[in-house]
Amino acid sequence: MPVRAACLGYPRIGIGRELKKALESRWAGKTSAADLQAAAAGLRRRHWSSMKAAGIDHIPGNDFSLYDHMLDMAVAVDAVPARYRSVPDPLSRYFAMARGLQDPATGIDVAALDMTKWFDTNYHYIVPELEAGRPFTLNASKILAELEEARSIGVEIRPVVPGPVTFLMLSKFEPGASENRVPLDSLDALLPVYEKLLGLLAARGVAWIQVDEPCLVLDLDGPAADAYRRALGRLAACKPRPRVLIATYFGSVEHNLPLFAESGCDGVHVDLARAPGQLDGVLRGLPSRTLLSLGVVDGRNVWRTDLDAAHSLIRRALRSHGEDLLLVAPSCSLLHAPIDLASEGGLDPELRSWLAFSAQKIAEVRALADAAQSDAPAGPLFEEARAALSGRRASPRTHDAKVRARTAAVDEAMRRRAEPFERRIAKQKARFGLPLLPTTTIGSFPQTGDIREVRSKRRKGLLSNEEYENFLRGEIRRCVERQESLGLDVLVHGEFERNDMVEYFGEQLEGFAFTENGWVQSYGSRCVKPPVLFGDVSRPRPMTVEWARFAQSLSRRPVKGILTGPVTLLQWSFVRNDQPRSETCLQLALALRDEVADLEAAGISMIQMDEPAIREGLPLRRGDRPEYLRWAVDAFRLATGGVRDETQVHTHMCYSEFGDILDAIVEMDADVLSIESSRSGMRLLSDFRRCRYPNDVGPGIYDIHSPRVPTREEMAALLVLAAGVLPPGRLWVNPDCGLKTRAWPEVEAALANMVDAARQTRPRFGSG
Ligand code: GLN
Ligand code: ZN
């Protein structure tokens, strides 16, 4: 009997981003709900059929979502907060939870539920919000409808649901609920809903259900471990029920395997791409007759699998586990991978031969399952994989001797500024003569339709270089003038030449490639197309210097030169898997160090290196964190450490809460840190107090995620709050993040208020 192949989830968005288009035209009122449902059904059919054609035995269902799978589960257990319940139509209610609703006709005005990152991926899920005392009720309509829909085209699915413990661990209580309520306390109320669902599926003859419990790879405290004991035991004890596969991913489950092993559940999926080392421990700890799903094909990146390495893992499993008890699968849902390499016309053949997107990963899974019983697997896919692997290893594009020599020569001195902060800041103060509470912005200014149009014309070759550059110079000039008349103390050029803070640099660095259709879902209808960081990174020529020099020539005030930091470039790309991420990050840091040196030589006196993604890279397990923080901080220090004392290094962070890595941020030793904080009501300040943040800081006082113009008074109040925690002499005044998504009128009004707030506050702290 051949080993069976499985898939945990397929990308939802569609190869032509059909789901995005269908959603957005529905939201714009251009199409009907029925149009949207038809588009969605078409995608599901296509995805199921292609998996079936590829020979996948366990095909997922209910992995599709119109917005997000956690939101789907919230609806399935009726965790619908009161404020949405007045929206009568289920689909409108669903989207109200996902994205808020302002309906003048009914007077309904509700904000969206919170959204946050799904583990350490770039996918964002909707955070379910629980109401104290509200019972859960099963609403299985979506799950059952997909079951019928699949059966109507002859596909038998394995329904996928987020498991009860993961669901609760990722939920939160409504604002205002008692402080000491934790969602896991609701487990006993929730489990009957899962039991009922199992019963319904059993009644319909469903063989397997996939219960996703990625939280099983985390460090679990006593109550969480206990919750798992109860939850998995209850699911296993349920009768009648389909067989239950507990899916874990994004790390090793070995340390929590006993929780599964004692439960009586029928199968477990393990992520062997992320954590191949767990296999032996898992095999030892697994009760006999348990199905083991081997996640050997990486679901989170774009590289062709080393099929021989994957094959030998499968062989190891076969030695102690019967073939009928094994599944071969991707490591996690393919949600995090692009869809099909076949739609990439522009990649050069060599690079292309190194890649595998979802459709190719599915084929790899099948080939591995087919080859499981053979000692010496052969066949075209194995041959191609071997050729790709050896080609990749030998290619000068992945091994550039010059880059290697440079990284080998890096030493601690290169990562250290010549003088400590106290000395540097004294020299910088003398150089710049800024007022107390200096005002600045984070870098980008509104990207108007005009600007986007010009960039797109230029991409299509409809505009000469000269025309394009003249246009940008005009934009920069106007932007600098506006900042001067607003009275900002430290200026920026506006970043009009940048489409995206990673792409802009990736396009100019060696080692990066760009796909045409390599989209992955970020949230809802939002997709990103991360660059592919495939080779050794170097910087053939300066990337930002001319624009920075031009901007600085327009003003006597300092104009910051703005760069994206090494960790963020790494974090927002598909990164090569043939060397440690730390090594790739080091190469990025050296390339940026050259850019920093050139900026300084061009007379740029302040250089800001943005690292918004530094918190996202933090490993899920506590024990792995110090090592990551060490190399991430080192990369930043290497990139910025070469400048003179008088050159002021800024950094900027956002999109996360930084309290738990503040000690690492201190070690980055930037002269000035601007950091998102206004939305949390400056919650970060208590962390600053705790770690005695030593350098200059600008906690954001203007929430740029909203079109609302904050008043002078409220920003002044935030400044006073900040000055109660940080010495006023160390404080900067700035928004939370860049302004590129905003419109000029609101930006000008808000910045005018911000500058006023600083002026009004200065005298309180001794200087006008
Ligand atoms: N300098 C960038 C900007 O202002 C920073 C963007 C970010 O933090 N995500 O747009
Ligand atoms: Zn930001």
Scan the range 662-684 residue by residue and report those that are part of a helix (DSSP H, G or I) and surrounded by fewer than 22 Cβ atoms within 10 Å (Cβ to Cβ). 662, 663, 664, 666, 667
Among all residue pairs at least 6 apart or on different chains, which show Cβ distances below 8 Å where the first residue, located in the range 637-656, is farther than 12 Å from residue 605 by Cβ and the second is away from ligand 2 (no atom under 16 Å from the Cβ) and acidic (Asp, Glu)? 637/667; 637/669
Test set (1) under 21 Å from residue 761 (Cβ atoms); (2) in contact with a strand residue (DSSP E or B) (Cβ under 6 Å, 6 or more places away or on another chain); (3) not charged (D, E, K, R) - residue 670 fails condition number: (1)
Restricting attention to the range 571-616, report how many residues are of a type in the set (Lys, Arg) and within 16 Å of ligand 1 (Cβ to nearest atom). 1
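Here's the yes/no breakdown for (1) open to solvent by less than 20 Å² (accessible area, probe 1.4 Å); (2) closer than 13 Å to residue 438 by Cα; (3) within 16 Å of ligand 1 (Cβ to nearest atom):
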site	(1), (2), (3)
711	no, no, no
719	yes, yes, no
735	yes, yes, yes
748	no, no, no
753	no, no, no
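Output yes when any residue across the range 733-744 is polar (S, T, N, Q), within 16 Å of ligand 2 (Cβ to nearest atom) and touching a residue at least 12 places away in the same chain (Cβ under 8 Å), and no when none is. Give the derivation first.
Residues of the range 733-744 that are polar (S, T, N, Q), as a first pass: 734, 741.
If we keep only those that are within 16 Å of ligand 2 (Cβ to nearest atom) as well, we get 734, 741.
Restricting the remaining residues to those that are touching a residue at least 12 places away in the same chain (Cβ under 8 Å) gives 734, 741.
Yes: one or more hits.
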Flagged in the range 79-129 as in contact with a Phe, Trp or Tyr (Cβ under 6 Å, 6 or more places away or on another chain) and among the charged types (D, E, K, R), in numbering order, are 93
Conditions (1) outside any loop (DSSP other than H, G, I, E, B); (2) more than 16 Å from ligand 2 (Cβ to nearest atom); (3) not hydrophobic (A, V, I, L, M, F, W, C) -> residue 603 fails only (1)
If the Cβ limit is 8 Å and pairs must be 6+ apart or interchain, which residue in the range 179-199 that is farther than 16 Å from residue 74 by Cβ and at pLDDT below 95 pairs with which residue that is open to solvent by 20 Å² or more (accessible area, probe 1.4 Å) and part of a helix (DSSP H, G or I)? 182/223
Could you tell me whether any residue of the range 350-364 is free of Cβ contacts under 8 Å to residues at least 12 places away in the same chain, open to solvent by 10 Å² or more (accessible area, probe 1.4 Å) and not in a strand (DSSP E or B)? yes
Which of (1) open to solvent by less than 30 Å² (accessible area, probe 1.4 Å); (2) closer than 21 Å to residue 568 by Cα; (3) within 14 Å of ligand 2 (Cβ to nearest atom); (4) part of a loop (DSSP other than H, G, I, E, B) does residue 657 not meet, given it meets every other one? (1)
Residues in the range 607-631 that are in a strand (DSSP E or B) and either out of contact with any strand residue (DSSP E or B) (no Cβ under 8 Å at 6 or more places or on another chain) or within 16 Å of ligand 2 (Cβ to nearest atom) (or both) total 3
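Look through the range 306-340, keep the residues that are polar (S, T, N, Q) and not in a loop (DSSP other than H, G, I, E, B), and return whichever of them is least open to solvent (accessible area, probe 1.4 Å).
In the first step, residues of the range 306-340 are kept if they are polar (S, T, N, Q); the result is 312, 320, 331, 333.
Then drop every residue that is not not in a loop (DSSP other than H, G, I, E, B), which leaves 312, 320.
Working: 312: 58, 320: 78 Å².
The residue in question is 312.
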So residue 446 ticks every box in (1) in a helix (DSSP H, G or I); (2) farther than 29 Å from residue 7 by Cβ; (3) not acidic (Asp, Glu) but one. Which box is left unticked? (1)
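Residue check: is residue 293 in a loop (DSSP other than H, G, I, E, B) and either closer than 19 Å to residue 373 by Cα or free of Cβ contacts under 8 Å to residues at least 40 places away in the same chain (or both)?
Details: in a loop (DSSP other than H, G, I, E, B): no; either closer than 19 Å to residue 373 by Cα or free of Cβ contacts under 8 Å to residues at least 40 places away in the same chain (or both): yes.
Judged against the criteria, residue 293 is not a match.
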I'm checking my understanding of the structure. Among residues of the range 556-577 that are open to solvent by 10 Å² or more (accessible area, probe 1.4 Å) and polar (S, T, N, Q), which one is nearest to ligand 2 (Cβ to nearest atom)? 571
The listed residue being among the hydroxyl-bearing types (Ser, Thr, Tyr), out of contact with any Pro (no Cβ under 7 Å at 6 or more places or on another chain) and within 30 Å of residue 19 (Cβ to Cβ), out of 333, 288, 320: 333
Total residues in the range 450-492, condition within 21 Å of residue 698 (Cβ to Cβ) and in contact with a Phe, Trp or Tyr (Cβ under 6 Å, 6 or more places away or on another chain): 1
If we scan the range 18-32, do we find a residue that is among the small types (Gly, Ala, Ser), more than 23 Å from residue 138 (Cα to Cα), in contact with a Leu (Cβ under 8 Å, 6 or more places away or on another chain) and not in a helix (DSSP H, G or I)? no
If residue 87 satisfies all but one of (1) open to solvent by less than 40 Å² (accessible area, probe 1.4 Å); (2) under 28 Å from the mean Cα position of the chain (by Cα); (3) without any contact (Cβ under 8 Å) to a residue 40 or more places away in the chain, what's the number of the condition it fails? (2)
Kindly evaluate residue 418 against the criterion of being aliphatic (A, V, I, L, M), away from ligand 1 (no atom under 16 Å from the Cβ) and without any contact (Cβ under 8 Å) to a residue 40 or more places away in the chain. no
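Please determine whether any residue of the range 56-71 is over 25 Å from residue 527 (Cβ atoms) and at pLDDT 95 or above.
The initial filter retains those residues of the range 56-71 that are over 25 Å from residue 527 (Cβ atoms), namely 57-58.
Now narrow it down to the ones that are at pLDDT 95 or above: 57-58.
Yes, the range 56-71 contains at least one residue that is over 25 Å from residue 527 (Cβ atoms) and at pLDDT 95 or above.
Return the residues of the range 557-584 that are assigned to a loop (DSSP other than H, G, I, E, B) and under 12 Å from residue 603 (Cβ atoms); say none if nothing qualifies.
Taking the range 557-584 first, the residues assigned to a loop (DSSP other than H, G, I, E, B) are 557-558, 560, 565, 572-573, 576-580.
Across the range 557-584, the qualifying residue is only 558.
Please indicate, with yes or no, whether at least one residue in the range 417-439 is in a loop (DSSP other than H, G, I, E, B), closer than 19 Å to residue 503 by Cβ and aliphatic (A, V, I, L, M). Spell out the reasoning first.
Kept after step one, since they are in a loop (DSSP other than H, G, I, E, B), are these residues of the range 417-439: 417-420, 433-438.
Imposing the further condition that a residue be closer than 19 Å to residue 503 by Cβ reduces the set to none.
No, that holds for no residue.
Looking only at residues in the range 280-299 that are open to solvent by 60 Å² or more (accessible area, probe 1.4 Å) and modelled with pLDDT of 95 or more, which one is farthest from the chain's Cα centre (by Cα)?
By that ranking, first place goes to 284.
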Checking residue 396 against (1) assigned to a loop (DSSP other than H, G, I, E, B); (2) on the phi < 0 side of the Ramachandran plot; (3) open to solvent by less than 60 Å² (accessible area, probe 1.4 Å), which test does it fail? (3)
Taking interchain pairs and intrachain pairs at least six residues apart, which have beta carbon atoms under 6 angstrom, with the first residue in the range 678-700 and closer than 11 Å to residue 662 by Cβ and the second among the charged types (D, E, K, R)? 691/663
Can you pull out the residues in the range 483-536 that are outside any strand (DSSP E or B), farther than 30 Å from residue 437 by Cβ and of a type in the set (Gly, Ala, Ser)? 506, 518, 524, 525
State whether one or more residues within the range 632-647 are aliphatic (A, V, I, L, M), open to solvent by 10 Å² or more (accessible area, probe 1.4 Å) and in a helix (DSSP H, G or I). no
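The values are calculated or read from the model by the stated rules, or taken from the named source; none is laboratory data. Just so it is clear, the model here is predicted, and its values are computed rather than measured. Methodologically, a virtual Cβ is constructed for each residue, glycine included, from the backbone with ideal geometry; neighbour enumeration extends over all protein chains shown. Just the protein is used for accessible areas: all its heavy atoms, side chains included, with ligands, DNA and RNA removed. Shrake-Rupley method; radii C 1.70, N 1.55, O 1.52, S 1.80 Å.
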